[in-house]
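The values are calculated or read from the model by the stated rules, or taken from the named source; none is laboratory data. Everything numeric here is computed off the predicted structure, so don't read it as measured data. No Cβ is skipped: glycine too gets one built from the backbone with ideal geometry, and neighbour counts run over all protein chains shown.
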Amino acid sequence: MTGVQTQAVLLSAGVAAAVGVAGAFAVVWLARRSPARAAVAAPLVVVLSVGAGVYASARAMFLADRDSTTVLLVLLAALPAAVAVGAVTARRVQRLTRLRAREAAAAERDREVETRRRELVAWVSHDLRTPLAGMRALTEALQDGVADDPADYLDRMRGEVLRMSSMVDDLLALSRLQSADLRLERARASVADIVSDVVARVQPVAEAAGVRLSGRADDPSIADVDPREVSRAVANLVTNAIRHTPREGVVHVSVATRTPRDPATACAEVAVEDGCGGIPVEALDRVFEAGWRGTGARTPGPGEGAGLGLAIVRGVAEAHGGRAAVTNRPGGCRFTLTLPVGAAARR
């Protein structure tokens, strides 16, 4: 090998290495922002580094300009193939990235569901012990003949049975709403009629608690919903508001249609305002969690369930493609149940 050839080879290697290193840094920089773009750029860097090295070698060997240009054009002709290879690789990278993201999201959801399931079982098991212990004490008193008024004991036992039955019903309802194969029994129904029926049904509960229940349910919205589930959710909101409103307080229920720019996304909003005094800001995101009561005491008080009512509300809302939310207002809270009523509700 002559001295000129040796110099040409060394120059070609140096230029190719310089272009390759610069291209590698560019690919790494792109990869941090877009793996797909980095996949497209990688083959181009290889072709450009080889082309730069060969062209530098040709010039060092004093080839004619026309011959050097021909060599360069032949090398550049490989660019379309490099782009094609990069595009195929980028598509594959994007597909794998989306697949891994979905798998990671699914795994995270599974972990959250399992964690919530265990917490729910622990909470409900704890809450069921209280009425069971009460019933055991009452039955033992009746068996031992020490009951002052057997009829009163039987009434109290019946109350504990109803309380346990309510807890189990809520647990089954929440389990059904969280099921992957949930099927709603949808029907075209007036949201205002559903709310009016709930208010009429819960009125005696409000009167017994000394709370005034008022409302406006004259909205004409017709929605494709499961009337039974929506009725359950609204009843949970109203009874929850009554439970946390002091005597002589007011619980107000209303229904309104919210129509944004796109009529297809219109929704019916059921709002329940109570006089609970407000919820700490740091706890607002937790009120719809199963079992959460806003108190450190795990044992429910008289007339309370297993703390699943608001979790059921959120489950019903999400099953219909809507949402449940809560905000503080002067003197209390405002809970909202939003249900699609436009074209989006029928998808």
Kindly indicate which of 59, 117, 111 is within 30 Å of residue 171 (Cβ to Cβ), modelled with pLDDT under 75 and assigned to a helix (DSSP H, G or I).
-> 117
Meets criteria (surrounded by 10 or more Cβ atoms within 10 Å (Cβ to Cβ), at pLDDT 80 or above, assigned to a helix (DSSP H, G or I) and out of contact with any Phe, Trp or Tyr (no Cβ under 9 Å at 6 or more places or on another chain)) for residue 163 | no
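One line per residue, one yes/no per condition, for (1) modelled with pLDDT of 70 or more; (2) of a type in the set (Gly, Ala, Ser); (3) out of contact with any Phe, Trp or Tyr (no Cβ under 6 Å at 6 or more places or on another chain):
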position: 249; (1), (2), (3): yes, yes, yes
position: 263; (1), (2), (3): no, no, yes
position: 266; (1), (2), (3): yes, yes, yes
position: 272; (1), (2), (3): yes, no, no
position: 281; (1), (2), (3): yes, no, yes
position: 294; (1), (2), (3): no, yes, yes
position: 299; (1), (2), (3): no, no, yes
position: 309; (1), (2), (3): yes, yes, yes
Is the stretch 208-221 home to any residue that is of a type in the set (Gly, Ala, Ser) and closer than 30 Å to residue 119 by Cα?
-> no
If you check residue 162 against the conditions, is it touching a residue at least 40 places away in the same chain (Cβ under 8 Å), closer than 27 Å to residue 317 by Cα and not assigned by TED's automatic domain parsing to the domain that holds residue 239?
-> no
Looking only at the stretch 199-215, decide whether some residue is over 22 Å from residue 244 (Cα atoms) and under 30 Å from the mean Cα position of the chain (by Cα).
-> no
Tell me which of these residue 232 doesn't satisfy, since it passes every other one: (1) within 30 Å of residue 340 (Cα to Cα); (2) of a type in the set (Lys, Arg); (3) exposed (fewer than 14 other Cβ atoms within 10 Å of the Cβ).
-> (3)
